[in-house]
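What follows is a short report on a single structure.
Read-outs throughout are calculated quantities, based only on the coordinates presented, and are distinct from any laboratory measurement. Just so you know, these numbers come straight off a predicted model, no measurement behind them. Glycine also receives a Cβ, built like all others from the backbone with ideal geometry; neighbour counts cover every protein chain displayed.
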Amino acid sequence: MLIGMVHLKPLPGSYLYEDNLDDVIDFAIKEAKKLEEANFDAVLIENFNDKPFKKEIDKITLASFTVIAKAIKEEVGMKIGINVLRNDSIASYSIAYAIKADFIRVNVLNGVAITDQGIIEGNAHELFRLKKLVPSKIKIYADVHVKHSYQFIDFETSLLDTYERALADAIIISGRRTGEEVNIEDVKLAKKYNIPTIIGSGVNEENIKKFINLADGFIIGSYIKRNGNVNNEIDINRAKRIAELFKSLRGR
């Protein structure tokens, strides 16, 4: 599965919000439509610009995110994913449930991470309690050693715990920072244990071939932006090229 990022403009409740919700909605829809035109399989919607991030978002941010995600779903036919930064899995699931999305991304599902937002503890038990209360087929994709963080536990232990004990449907492996390539040995380790794996950063036209048979999916954000700059809008030509390459490598 090829997943493209829609990085939302700052939302209500965040420091950088500019009192322009209609513009935020319009921009998000346009970005999602580019991914559909480029033949991506799914779109992952994220409040990427709500810096400095909070561990959990305000209610006004949750409401606004839901409105935007619903608007995107009404305009495109791709699968939809939700990721609420920095680690609001309850908000992510709530939005996904309300709009009938397909999956959510959880940065810290279990264990503890040291981040620029402080210490973040996983809350898999709370997330799955909510999923039991309001059942759905929403998949849980969880990071292992998520970027922009440090952990006390070795990667292999975290990998197995996230999949076997925290019950993630698939795990996400990223580089140390946004846009950085993953450690291929980490991906091979996940493959060894037959754990469904998504590469979450650093994928481009030059390196996708070496990962194509190791990963089940790819999340692409930075590379498909204009000039490869994560802060720019999606470049439809870059998006089309990597989608075509992905499809050709996968034989479809």
Short version: ³J(HN,Hα) in whole Hz for each residue of segment 46-52, in order, from phi by Karplus 6.51 cos²θ - 1.76 cosθ + 1.60 (θ = phi - 60°), x for Gly and Pro, what are they?
9, 7, 4, 9, 8, 7, x
Tell me the net charge near residue 96. Cut-off is 14 Å between Cβ atoms, residue 96 excluded, with +1 for each Lys or Arg and -1 for each Asp or Glu.
+4
Ordered by residue, what ³J(HN,Hα) values in Hz, to whole numbers, does segment 102-113 give under the Karplus form 6.51 cos²θ - 1.76 cosθ + 1.60, where θ = phi - 60° and Gly and Pro are x?
9, 7, 10, 10, 10, 5, 9, 7, 8, x, 9, 10
Considering only 84, 146, 43, give the residue with the highest GNM mean-square fluctuation for the chain, with springs between Cα atoms whenever their separation is below 10 Å.
146
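Among 177, 241, 226, which comes first, second and so on when ranked by fewest other beta-carbon atoms within 10 Å?
Least to most surrounded, the residues fall as 177, 226, 241.
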Between residue 157 and residue 119, how high is the FRET efficiency from 1/(1 + (r/R0)^6) when r is the Cβ-Cβ distance and R₀ = 30 Å? Nearest 0.05.
0.95
Rounded to the nearest 5, what is the percent of antiparallel bridges among the DSSP beta bridges in segment 1-127?
25 percent
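When only Cα pairs under 8 Å and 6 or more residues apart are kept, what is the percent relative contact order across segment 132-227?
That works out to 23 percent.
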With the cut-off at 22 Å, tell me which of the pairs 33/191; 9/51; 51/225 have Cα atoms farther apart than that.
33/191
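Between residue 250 and residue 60, what is 0.36 nm times their sequence separation minus the Cα-Cα distance? Round to one decimal in nm.
Numbers: separation 190, 0.36 × 190 = 68.40 nm, distance 4.14 nm.
Answer, rounded to one decimal: 64.3 nm.
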Assuming R0 = 25 Å, what is the FRET efficiency of residue 128 and residue 148, from their Cβ-Cβ distance, to the nearest 0.05?
0.50
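Output the DSSP H helices from the chain with an along-axis C-alpha extent of no less than 18 Å and a mean Kyte-Doolittle hydropathy no less than 0.0. Let's see the in-between values first.
On the way: long enough: 21-37 (24 Å, -0.32); 59-75 (25 Å, 0.52); 236-250 (21 Å, -0.41).
Helices meeting the criterion: 59-75.
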Under 1.5 on a/c is rounded, so check that first for the chain, then, if it is not, pick prolate when a/b is larger than b/c and oblate when it is not; a ≥ b ≥ c are the square roots of the alpha carbon gyration tensor eigenvalues.
rounded
Taking only Cα atoms and a 10 Å spring cutoff, compute GNM fluctuations for the chain and point out the largest among 231, 107, 83.
231
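How high is the relative contact order of the chain, in percent, counting Cα pairs under 8 Å that sit 6 or more residues apart?
Relative contact order, the chain: 16 percent.
Starting from the eigenvalues of the Cα gyration tensor, five times each then square-rooted, give me the equivalent ellipsoid semi-axes of segment 77-141, largest first, whole Å. Please list the in-between numbers first.
Working: eigenvalues 91, 36, 14 Å².
With the √(5λ) rule applied to segment 77-141, the semi-axes are 21, 13, 8 Å.
Filter the chymotrypsin sites (Phe, Trp or Tyr not before Pro) in segment 123-193 to those in DSSP coil with at most 12 other Cβ atoms within 10 Å of their Cβ, and list the result. Present the calculation step by step, with values, prior to reporting the outcome.
Numbers: sites: 128, 141, 150, 152, 155, 163, 193; in loops: 152, 193.
Those that pass, being in a loop and sparsely packed, are 152.
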Assuming R0 = 30 Å, can you tell me the calculated FRET efficiency for the pair residue 216 and residue 18, based on Cβ-Cβ distance, to the nearest 0.05?
0.20
Measuring from its Cα centre, the chain shows a charge dipole (+1 at each Lys and Arg Cβ, -1 at each Asp and Glu Cβ) which, in debye to the nearest 20, is 640 debye
Restricting the count to DSSP beta bridges whose residues both fall in the chain, what percent are antiparallel, rounded to a multiple of 5?
20 percent
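I'd like the Kirkwood hydrodynamic radius of segment 146-236, using the inverse of the mean 1/r over distinct C-alpha pairs, in Å. Mind dumping the intermediate values first?
Numbers: mean 1/r = 0.0727 Å⁻¹.
Across segment 146-236, the inverse of the average 1/r is 13.8 Å.
Starting from 0.36 nm per residue, how many nanometres of slack lie between residue 112 and residue 191 once their C-alpha separation is accounted for? Don't jump to the answer; show the numbers that get you there.
Working: separation 79, 0.36 × 79 = 28.44 nm, distance 2.39 nm.
Roughly 26.1 nm would be gained on extension.
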Only helical DSSP H runs with n ≥ 4 go in: add -39500 (n - 2.57) per run for the chain, normalise by residue count and round the 222 nm mean residue ellipticity to 500 deg cm²/dmol.
-10500 deg cm²/dmol
